[in-house]
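This report concerns only the one structure given below.
The values are calculated or read from the model by the stated rules, or taken from the named source; none is laboratory data. Keep in mind that what you see is a predicted model, and the values were worked out from it rather than measured. As a convention, Cβ positions derive from the backbone with ideal geometry for all residues, glycine included, and neighbour counts pool all protein chains shown. Please note that ligands, DNA and RNA were not included when accessible areas were found on the heavy atoms of the full protein model with its side chains. Shrake-Rupley method; radii C 1.70, N 1.55, O 1.52, S 1.80 Å.
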Amino acid sequence: PAFADKVTPLLEEVGRSGISLYQHEIEFPAVDGPGFALLSYFPIDADGETQYGRIVIDITDRRRAQREQAASQEQYRRLIEQLPLVTYMNNLQPVFENAYVSPQIEKFGHPAEAFIENPHLWDTIVHPDDLDAVRLAERKTRERGEPFELEYRFIRPDGSTGWLLDLMETTLDANGIPLYEQGFIVDVTARKQSEE
C-alpha cells in the first residue's frame, strides 16, 4: 500500500506533463536495512488508452555505498577541523581558486568562506616583505610538481607579526600540467621566538 501511495501520484504527474520518461527513487524496507530502487515510468498507447510501463532497478548497494562514503567524509572533515593547523586545497585549472580551507583559518582574521570567495585574500595576510619570495616559491613548486615547504611571516589582525610554516604538494596530470594543490599551515611563532 505504501508503494502504491507513492506511485499513483507519480503516474498522474507523468500523464499531466506529457513527458516521455519519468524517474523517481524510492526507499523500501529490506531484511538488512532500507533498500532503494530507481523507478522509470513511460506512457504506452494501448489501443487509444494510455497505460504506463515501469522499469525498476535495485540501487541499494550504490546508495548504501554513497551513504557510507558521505559518513566517512564527514568523519574525516571533523578530524581535520580539530587539528591545531589550517588545511587547504586549491584548484589550479582552469583558474586558480580555493576549493577548501579549514575553519582554523579564522585566526588569521577572516572566516573560511572569505578565502573561498576571494582566492587572493591570503596575499593580504603574508608580510609584504615576504610576499615576492612566497609567490616565487609557489610558482616553482607548481611548475615542477615538487613539495613546497616555506617559513614566512604573516600579519595578524591586530597588526603584529607572526611566523608560519606552509607545507604543500601539487598534483600534476599525465602531461605535467598542475591540477590542484593541498597542504597545511602551522603557526610557528613561538618556536621562532624561542630560537631567537
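Some values worked out for this structure:
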quantity	calculated
Residue satisfying condition, being aliphatic (A, V, I, L, M) and either surrounded by 15 or more Cβ atoms within 10 Å (Cβ to Cβ) or under 25 Å from Gln73 (Cβ atoms) (or both), within set Ala114, Ala190	Ala114
Filter pass, Thr87 being in contact (Cβ under 8 Å) with a residue 24 or more places away in the chain, over 30 Å from Ala30 (Cβ atoms), open to solvent by less than 40 Å² (accessible area, probe 1.4 Å) and of a type outside the set (A, V, I, L, M)	yes
Conditions (1) in a loop (DSSP other than H, G, I, E, B); (2) over 22 Å from the mean Cα position of the chain (by Cα); number of the one not met by Arg139	(1)
Criterion violated by Arg153 - all others in (1) surrounded by fewer than 16 Cβ atoms within 10 Å (Cβ to Cβ); (2) over 23 Å from the mean Cα position of the chain (by Cα); (3) in contact (Cβ under 8 Å) with a residue 24 or more places away in the chain satisfied	(1)
Whichever residue in the range 42-84 is of a type outside the set (A, V, I, L, M), in contact (Cβ under 8 Å) with a residue 12 or more places away in the chain and part of a strand (DSSP E or B) and, among such residues, is nearest to Phe28 (Cα to Cα)	Asp58
Residue check, Phe36 open to solvent by less than 50 Å² (accessible area, probe 1.4 Å), at pLDDT 85 or above, more than 19 Å from Gln182 (Cβ to Cβ) and not in a loop (DSSP other than H, G, I, E, B)	yes
Residues of the range 156-186 satisfying the condition of being of a type in the set (Asp, Glu), open to solvent by less than 70 Å² (accessible area, probe 1.4 Å) and modelled with pLDDT of 90 or more	Asp166, Glu181
Lone qualifier among Gly162, Gly176 - being in a loop (DSSP other than H, G, I, E, B) and out of contact with any Gly (no Cβ under 6 Å at 6 or more places or on another chain)	Gly176
Residues within the range 117-150 that are open to solvent by 50 Å² or more (accessible area, probe 1.4 Å), in contact with a strand residue (DSSP E or B) (Cβ under 8 Å, 6 or more places away or on another chain), charged (D, E, K, R) and at pLDDT 90 or above, tallied	2
Residue selected from the range 110-150 under the condition in contact with a Pro (Cβ under 8 Å, 6 or more places away or on another chain) and touching a residue at least 24 places away in the same chain (Cβ under 8 Å), by the criterion farthest from Ala190 (Cα to Cα)	Glu143
Top-ranked residue in the range 91-104 [being touching a Ser or Thr at 6+ places or on another chain (Cβ under 9 Å) and within 24 Å of Arg78 (Cβ to Cβ); ranked as surrounded by the fewest Cβ atoms within 10 Å (Cβ to Cβ)]	Tyr100
